[in-house]
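Chemist: Quick one: the structure is below, and I'll ask about it shortly.
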Amino acid sequence: MATTLFTQNTIACIWDFDKTLIPEYMQSPLFRRYGIDEANFWAETNGLIEQYRRRGYHLAGELGYLNHLLTYTLAGPLAGLNNKILFDCGADIKFYPGLPEFFDRAKAFVQEKPEYQKHDISLEHYVVSTGIAQMVRGSAIAKHIDGVWACEFIENPLQPGFLKQNEMAFEAASEIAQIGMVIDNTGKTRAIFEINKGTNKNPAIDVNSKMQSEDRRIPLQNMIYIADGPSDVPSFAVVKGGGGRAYAVYNPEKPEEFAQNDRLLQSGRIHGYGPADYRETSSTTQWLRMHLHQICDRIVNDREAAVALKATRPPRHLTATPAEQAAKRAAKGPQQASFLE
């Protein structure tokens, strides 16, 4: 029997991380732990593309900082860096006001009306970041989110001939040595479609599989994408183009970020913007709550319209019952009723 794969009563808030949920880069606690000059590291990273170009190499932007972290590890300044240290450094990440409490509060927004509860509407939070996944997983928001797409490192890479070995050598001194996953600004759009199709919930569904819109787990129109600036324009465009919401945030202490968001609004890239303040009374919280309710209302209307369309009326008696006849006479008024009797 043919049936749709998902009920499409789930909403997703998809979050950028750096400068959206936190005021600094997530790597800052790592650099402080090792005593590394952060400004110098990023200056070197920004110079890699040009330096390698002069040597005849082409370097993808997001690979630059990941490769430079590996170089720092191999060269000594970050010696011994492994995924556990990255995870532990995540605990030192400082978030904007109202976080992580906002994540649970937002999930309650979609339960605030009886009709939302009737249709089992739920909200999921996802982080899609060019940062480091292990640091997100070690941070204070980890237990409040439903999934992470970010960059990852591999420790102790498998050596040639490993397919012929029955047992792998155990190395206690783990250290990051290879890049396992890269998420760049266009790669974020792939993550959005994985959430859209439900690949993250059902591995049997490939992100490149052709799927009808009614079979996708979370329609784009059920999404809100929240980020801080121009680098997220591809993701803003995907979600906004599919009927979802695009919202930008700025650091209230930086007027240039406010101006940047206003340009995004004026150019039609986003639906709105506000301060990176997630406390209960902030304008950002109010905007997100209002638009979550609007999405909930549409889900309710769509589902009830579908029931009305697909559920046929039961058969009725061709001849009115005595009770129906009495009701009809009463509706015609006393004079008409006496005339007909």
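The values are calculated or read from the model by the stated rules, or taken from the named source; none is laboratory data. These numbers were taken from a predicted model, which means no experiment stands behind them. Virtual Cβ from ideal backbone geometry, glycine too; neighbours counted across all protein chains shown.
Chemist: Among residues belonging to the range 83-97 that are buried (at least 18 other Cβ atoms within 10 Å of the Cβ) and touching a Phe, Trp or Tyr at 6+ places or on another chain (Cβ under 8 Å), point out the one that is farthest from residue 37 (Cα to Cα).
Modeler: 96
Chemist: Continuing with the same structure: Taking residue 12 and the conditions (1) over 28 Å from residue 196 (Cα atoms); (2) touching a helix residue (DSSP H, G or I) at 6+ places or on another chain (Cβ under 8 Å), which numbered condition does it fall short on, given that it satisfies the others?
Modeler: Condition not satisfied by residue 12: (1).
Chemist: Which of the residues belonging to the range 275-301 are within 23 Å of residue 243 (Cβ to Cβ) and without any contact (Cβ under 8 Å) to a residue 60 or more places away in the chain?
Modeler: 284, 286, 287, 290, 294, 297, 301
Chemist: Starting from residues that are hydrophobic (A, V, I, L, M, F, W, C) and in contact (Cβ under 8 Å) with a residue 60 or more places away in the chain, keep the ones in the range 236-274 and report whichever is farthest from residue 100 (Cα to Cα).
Modeler: If we take residues in the range 236-274 being hydrophobic (A, V, I, L, M, F, W, C) and in contact (Cβ under 8 Å) with a residue 60 or more places away in the chain, then 239 is farthest from residue 100 (Cα to Cα).
So that you can scan it fast, the table gives a plain yes or no per residue for (1) out of contact with any strand residue (DSSP E or B) (no Cβ under 7 Å at 6 or more places or on another chain); (2) at pLDDT 85 or above:
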residue	(1), (2)
139	yes, yes
145	no, yes
149	no, yes
166	yes, no
171	yes, no
176	no, yes
188	no, yes
195	no, yes
203	yes, no
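Chemist: Taking only the range 74-130 into account, find how many residues are in contact with a strand residue (DSSP E or B) (Cβ under 7 Å, 6 or more places away or on another chain) and at positive phi.
Modeler: Summing the residues that are in contact with a strand residue (DSSP E or B) (Cβ under 7 Å, 6 or more places away or on another chain) and at positive phi in the range 74-130 gives 0.
Chemist: Follow-up. In contact (Cβ under 8 Å) with a residue 24 or more places away in the chain, of a type in the set (A, V, I, L, M) and under 21 Å from residue 237 (Cα atoms), is that true of residue 192?
Modeler: Yes; evaluated as a whole, the condition is true for this residue.
Chemist: When you look at residue 53, is it among the basic types (Lys, Arg), more than 27 Å from residue 275 (Cα to Cα) and loosely packed, with under 14 Cβ neighbours inside 10 Å, yes or no?
Modeler: Against the criterion (among the basic types (Lys, Arg), more than 27 Å from residue 275 (Cα to Cα) and loosely packed, with under 14 Cβ neighbours inside 10 Å), residue 53 qualifies.
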